[in-house]
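Written below as structure tokens is the structure these notes are about.
Each reported figure results from applying straightforward, stated rules to the coordinates on display, with no laboratory input. As the structure is a prediction and not an experimental result, all values here were calculated from the model. Note: ideal-geometry Cβ built from the backbone for every residue, glycine included; neighbour counts use all protein chains shown.
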Amino acid sequence: QFRPKYVSFDCYGTLIEWPMTPITRELVGDQIPAEHWDQFVKEFRGYRYDSVLGKYYPYEQTLQDAFEGVCR
């Protein structure tokens with residue numbers, strides 16, 4: 001049975017830097033042309049940041065909203 005060694009409630013990156021770019025590339029990298037990748041990451045980061053400054057809601061929703069925003 002899996003028992004975590006550590007638990008963090010820092011899902012917004014204030015204490016721990018989450019490696020979002022490699023994870024995002026793994027999930028959607030094949031759908032974004034290479035010449036647009038840097039701009040996509042920059043905008044995705046911006047949408048996520050804007051989301052966490054507002055009213056609290058689950059981080060999963062923050063990621064979903066940011067992804068939908070950058071894909072518009």
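Relative contact order of segment 20-71, please, whole-number percent, based on alpha carbon pairs below 8 angstrom and at least 6 residues apart.
37
Fewest to most neighbouring Cβ within 10 Å: what's the order for F44, F67, F2?
In order of increasing Cβ crowding within 10 Å: F2, F67, F44.
Using 0.36 nm per residue, how much length does the chain from L15 to R3 gain when fully extended, once their Cα-Cα distance is taken away?
2.1 nm
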